[in-house]
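Report on the structure given below.
The values are calculated or read from the model by the stated rules, or taken from the named source; none is laboratory data. Because the structure is a prediction, the values reported are computed rather than measured. Every residue, glycine among them, receives a Cβ derived from its backbone with ideal geometry; neighbour counts consider all protein chains shown. Calculation scope for accessible area: heavy atoms of the full protein, side chains included, ligands and nucleic acids excluded. Shrake-Rupley method; radii C 1.70, N 1.55, O 1.52, S 1.80 Å.
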Amino acid sequence: YMEAGAIFIIQNEVGRFLLEQRNANSKRSQWGWVFPGGKREGIDNDTLDTVVRESLEEFGIEINKEAIQKIGDMDREVEEGFLSIYLVKIVQPSKLVISESAGGGWFSVEEIEKMELGYSQKTRIFPVLISFLESQKLAFQ
């Protein structure tokens, strides 16, 4: 049972989250909005490497491994293994370099709540983020 890849939720300095819009070539959820993610490749020592590599490939965003925080796991729906879910806090770059998807954008929690997310991210990933954010809030009260 292996760590097959990563979902990475990128949060900017004003608390908005990066979603990417899948394109027509996506296997599933064509044109759907999703949190970014990627499969662990042979060159990745671990899924932290996957996050760093995919973030650069997909958005031109350089991520420091120290900024990556694991907030959960998710079983994959179709293939063996599980995905690690990470939260990455960054200072938003002036522009996104979108290479593999139709687009990208920064959204608040409230906006994401009203959106349809591709795959089953709304029921399987978004709640992990929300419960993590809630636990952080409680920690600072």
Check: With charges set only on the Cβ (+1 for Lys and Arg, -1 for Asp and Glu), what does the dipole of the stretch 60-104 come to about its Cα centre, in debye to the nearest 20?
Finding: 360
Next item on the list: Return the FRET efficiency for the residue pair Ala102, Phe82: r is the Cβ-Cβ distance, R0 is 30 Å, and the value is rounded to the nearest 0.05.
Entry: 0.65
Item checked: the stretch 4-47 pair-distance distribution - Cα-Cα, 10 Å bins, rounded % -> 26, 40, 32, 3
Next item on the list: Hey, could you get me the Stokes-Einstein D for the stretch 13-141, Kirkwood radius over alpha-carbon pairs, 37 °C and 0.692 mPa s, rounded to whole µm² s⁻¹?
Entry: 212
Note to self: Over the chain, how many pairs of lysines fall under 15 Å by alpha carbon, counting only those 8 or more apart in sequence or from different chains?
What the structure shows: 4
Notebook entry, point to check: How much accessible area per residue does the stretch 1-64 have, in Å², with a 1.4 Å probe?
Noted result: 48
Note to self: Once neighbouring chains are kept in place and the probe is 1.4 Å, which whole percent of the accessible area of the chain is contributed by carbon and sulfur?
What the structure shows: 51
Check: Just how large is the dipole of the chain about the Cα centre, in debye to the nearest 20, putting +1 at every Lys and Arg Cβ and -1 at every Asp and Glu Cβ?
Finding: 320
Next item on the list: Take the alpha-carbon positions of the stretch 70-140, form their convex hull, and give its projected area averaged over all directions (one quarter of the hull surface) in nm².
Entry: 6.4
Margin query: Could you tell me how far the Cα centroid of the stretch 27-95 sits from the Cα centroid of the stretch 106-139, in Å?
Written below: 16
Margin query: Between Ile43 and Ser120, how high is the FRET efficiency from 1/(1 + (r/R0)^6) when r is the Cβ-Cβ distance and R₀ = 30 Å? Nearest 0.05.
Written below: 0.55
Notebook entry, point to check: Near the amide H of Gly72, under 5 Å away, which other amide H atoms are found, from residues 5 or more places off or on another chain, if H is placed in the peptide plane?
Noted result: Ile85
